[in-house]
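I have placed the structure first, in the form of structure tokens, so that the comments after it can refer back to it.
The values are calculated or read from the model by the stated rules, or taken from the named source; none is laboratory data. All of these numbers come straight from a predicted model, not from anything done at the bench. Here Cβ is always computed from backbone atoms with ideal geometry, including for glycine, and neighbour counts include all displayed protein chains.
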Amino acid sequence: MNDQAKKLREIINNLKKKNENQNNLTISENVTDNNNTRVITITSGKGGVGKSNFTINLALALSKLGYKITILDADLGCANIDVILGIIPKYTLANVIRREKKLEEVLIEGPEGIRLISGGSGLRELTNLTEEQIVNLMNNLRSLGKNTDFILIDTGAGINNSVLSFIEATSEVILVTTPEPTSITDAYAVLKNIILGDDEKVVRVLVNRVENSQEGLEIFNKLNMASQKFLNISLQRLGYLYDDHLVSKSVKLQKPVLLSYPNSLVSKGVETIASRLINESNSEIFEVSGLKRFIHKFIYSCKKTS
């Protein structure tokens, strides 16, 4: 991943120099971009906390509320959202990178009208991107804004450069943790990087697999107090989800719990969270969360750490 980020930065720097001398290979500015498209990165400090499952079910809940949702599985090379949904993608981002397909052709139709872009498995092309390929990828990503209300980016776990670039580029972040001490510690480690140099970022915390509501509140308060004291930022409490064996059953069925067990406590919890995301949004968040801004900030985040 370090090599990947280094390569991306080199490409962007070379591209900037090249564009100063000739008017080609530029990021397209005339592609329609819906400023109301909200780009939300969903991340975690460690794997196995239920982040991808939550992303899928949140997408379904938002779709049921009438919104158009696209999931970008940004755990490049180790994507698993398609597996959870029981979908075998014919094409992935690798095909876009090779210029074999446009992003619209890679989009997979999922349940309830949600759309999915698979990061693929064993994807090594990102370590050898050419200037033309990165421009092509960015212009393809921008096309998503025409028919999408929410883009949910499911990152890999941890604080590698790839994850941090997606986090830094988005104005809204959902941090998923569990009550396990290691999960809380790793979540705080991610928090230290999330807020670095960006006081306006909205960071919401979801506590997954709690035994009761009190436990969910205690974990959030612990993270929020530490964040306020040492990082000088307040977190937003998105909510909690119960530890429910029906989630494991739905994974084995390769059918999201919101569809396989719609009346379960977890399903009701996800629906409540989706409604909260809609109701708590404001015009300022909508203005800063557009897809165009995300693309430019992603490029900038790669470049400034070079």
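Brief remarks follow.
- Search result, residues across the stretch 229-268 that are basic (Lys, Arg), under 30 Å from Lys201 (Cβ atoms) and in contact with a Gly (Cβ under 9 Å, 6 or more places away or on another chain): Arg237
- Exclusive hit being more than 19 Å from Val49 (Cα to Cα) and outside any loop (DSSP other than H, G, I, E, B), set Glu218, Glu168: Glu168
- Among (1) surrounded by 24 or more Cβ atoms within 10 Å (Cβ to Cβ); (2) modelled with pLDDT of 85 or more; (3) in a loop (DSSP other than H, G, I, E, B), the one test that Gly48 misses: (1)
A quick yes/no check of all residues on (1) within 26 Å of Gly290 (Cα to Cα); (2) modelled with pLDDT of 60 or more:
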{"site": "Met1", "(1), (2)": "no, no"}
{"site": "Asn19", "(1), (2)": "yes, no"}
{"site": "Thr41", "(1), (2)": "yes, yes"}
{"site": "Ser44", "(1), (2)": "yes, yes"}
{"site": "Phe54", "(1), (2)": "yes, yes"}
{"site": "Leu58", "(1), (2)": "yes, yes"}
{"site": "Ala74", "(1), (2)": "yes, yes"}
{"site": "Ala79", "(1), (2)": "yes, yes"}
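- Applying a threshold of 9 Å to beta carbon distances and a minimum spacing of six or more residues, or different chains, the list of pairs starting in the stretch 260-289 at a residue that is hydrophobic (A, V, I, L, M, F, W, C) and ending at one that is at pLDDT 90 or above and in a loop (DSSP other than H, G, I, E, B) reads Leu265/Asp244; Val266/Asp243; Val266/Asp244; Ala274/Leu65; Ala274/Tyr67; Ile278/Leu65; Ile278/Tyr67.
- Annotation: of all residues in the stretch 195-218 being in contact (Cβ under 8 Å) with a residue 40 or more places away in the chain and surrounded by 23 or more Cβ atoms within 10 Å (Cβ to Cβ), the one that is nearest to Val266 (Cα to Cα) is Asn208.
Yes/no per residue for (1) of a type in the set (Val, Ile, Thr); (2) crowded, with 21+ Cβ neighbours inside 10 Å; (3) assigned to a loop (DSSP other than H, G, I, E, B); (4) in contact with a Cys (Cβ under 8 Å, 6 or more places away or on another chain):
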site	(1), (2), (3), (4)
Met138	no, no, no, no
Ile159	yes, no, yes, no
Ser183	no, yes, no, no
Ala189	no, no, no, no
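- Qualifying residues in the stretch 226-257 (those that are assigned to a helix (DSSP H, G or I), polar (S, T, N, Q) and under 23 Å from the mean Cα position of the chain (by Cα)) - the one nearest to Ile184 (Cα to Cα): Ser227
- Complete set of residues in the stretch 92-121 that are part of a loop (DSSP other than H, G, I, E, B) and either in contact with a Gly (Cβ under 9 Å, 6 or more places away or on another chain) or modelled with pLDDT under 85 (or both): Thr92, Arg98, Arg99, Gly119, Gly120
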